[in-house]
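Please treat every number below as a calculation from the coordinates, not as lab data. Note that the structure is predicted; figures quoted are calculated from it, not measured. Virtual Cβ from ideal backbone geometry, glycine too; neighbours counted across all protein chains shown.
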Amino acid sequence: MKNIKHTKRLLILLMMIIISKSYGQTFLNGNFEINTAVTDQINLINSQYNNFMTNSIAFGNYNGGGPNGGNMDIITSSSFCGSFAQSGNWYVCLTGGGTDAISLKLSAPLVTGNYYTISFYDRFGAPPATVVHPFQIGLSLTDTTFGSLIYTAPNADSCFWQLRTFTFLAPNNGLYVTVKISAGSTGDVWCHIDNFSISETTSIHSVNQNAYFKIFPNPASNAINISSAIFGQFHFHIYNSLGQLVKSGSTDAASTLSLDNFNNGLYSIELTSNNITYRQCFIVEK
């Protein structure tokens, strides 16, 4: 009888450990649904945005920054771009020039040196917005600073929601993913974002799930080989972990690309043919 009770206690303890185990980080309000707004809230200064939103802080420097700076929108209607949120009922809008910036809180800090994959959706603001500029994503230790740049997205140049996905090596133990637009001014550009998600990437091969082309070796040192059964001639772009373009050109379905001037780290390569782009990641280790 005593052994049975002891065994039950051990099983209960084991179940508690399993239940309490952390299964990775999540965005606490990555789709902006946790807010107290009822209708569209336009041209909000930082303090107003922060009063509406939970686990997302605005800290833009428009009009001098601080609680009276910023120029954010929290939107639920289809009045902008003619369609609603990508996920749920709400999305947010940032203006250009770095004049708007927000942080999104994670459920737990990232681990420096680990790989993570983030996805989100963006789109270009409806007219009279006139200039296209990309979003920049950072990782920060605080909710009111941009932190370290980890990704620069392609231009948000359409009124249709576009999925952005990138894998990065965490540069710090950041608890906040930050967002801003790289350039422009509040008068010529604004863009929408929605539905952020994050997952830890235990292996670089887990982000290379398409069968359209192969990269080898991976990790690589001085060169990578590309092999594809569907491409003829194609254009390629290689980006580092900060989203910066480091190499581009045109080549064939079976080719070798030199990595002589590449530093160690994570890179992504995009192959484009017939207006269709495919992407994979690789690591450089020398």
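Multiply the residue separation of THR117 and PHE216 by 0.36 nm, subtract the distance between their alpha-carbon atoms, and state the gained length in nm to one decimal. List each step's numbers first, then the result.
Details: separation 99, 0.36 × 99 = 35.64 nm, distance 2.12 nm.
Length difference between fully extended and current span is 33.5 nm.
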inquiry  = Assuming 0.36 nm per residue, please report the length gained on full extension of the stretch ASN63 to THR142 beyond their Cα-Cα distance.
reply    = 26.3 nm
query = At what distance in nm do the modelled label points of ASN173 and SER47 sit from each other, each positioned 7 Å from its Cα along Cα→Cβ?
reply = 3.4
ask   = Label points 7 Å out from Cα along the Cβ direction at GLU200 and LEU245: separation in nm?
value = 3.5
ask   = With each pseudo-label sitting 7 Å past Cα toward Cβ, what's the THR26-SER255 distance in nm, one decimal?
value = 4.3
request  = Over the alpha-carbon set of the range 46-114, divide Rg by the Kirkwood Rh and report the Rg/Rh ratio to two decimals.
outcome  = 1.04
Long-range amide H partners of THR26 with built H, under 5 Å = SER107, ALA108
remark   = Applied in sequence order to the range 113-126, the curve 6.51 cos²θ - 1.76 cosθ + 1.60 (Karplus, θ = phi - 60°) yields integer Hz couplings, x standing for Gly and Pro, of x, 8, 8, 9, 10, 10, 10, 7, 10, 9, 7, 7, x, 5
